[in-house]
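Take a look at the structure set out below.
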Amino acid sequence: MLVGVQGLIRLAIFTLLVVGLADRFSHGWTQHRWLAVLILFIAGGIANVNTSSDVMFTWLLSASVFGVVLVLGYVLLARYDTAVVPV
């Protein structure tokens, strides 16, 4: 039970740091949007590192999907109010 809670806490801290970093670099999504998208996309790929797969294509596809979901989550939700980030 405790391992699951620790994983959730790590994910929440990671998400908060990445969203905060993206928001800071993009100045509230007003400048340097490409840098924020790049940060979020790479962070999504890094967060997907626990996915074990023998096929590199499957891992890349999974990391890309997770990165796109993180970017969309920021663009559509978190940039307006960071209170939606689980902390």
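A few remarks follow.
- Only listed residue being touching a Ser or Thr at 6+ places or on another chain (Cβ under 6 Å) and either modelled with pLDDT of 75 or more or not β-branched (Val, Ile, Thr) (or both), chosen from His32, His27: His32
- If you go through segment 38-59 and keep only what is at pLDDT 75 or above and closer than 22 Å to Ala12 by Cβ, you end up with Ile39, Leu40, Phe41, Ile42, Ala43, Gly44, Gly45, Ile46, Ala47.
- Look at (1) over 9 Å from the mean Cα position of the chain (by Cα); (2) part of a helix (DSSP H, G or I) and you find that Gly45 fails only one, number (1).
- Segment 14-32 - residue that is part of a helix (DSSP H, G or I) and touching a Phe, Trp or Tyr at 6+ places or on another chain (Cβ under 8 Å) and, of those, farthest from Ile46 (Cα to Cα): Asp23
The values are calculated or read from the model by the stated rules, or taken from the named source; none is laboratory data. Note that this is a predicted model, so its numbers are computed, not measured. Ideal geometry is used to build each Cβ from the backbone, glycine not excepted, and the neighbour counts take in all protein chains shown.
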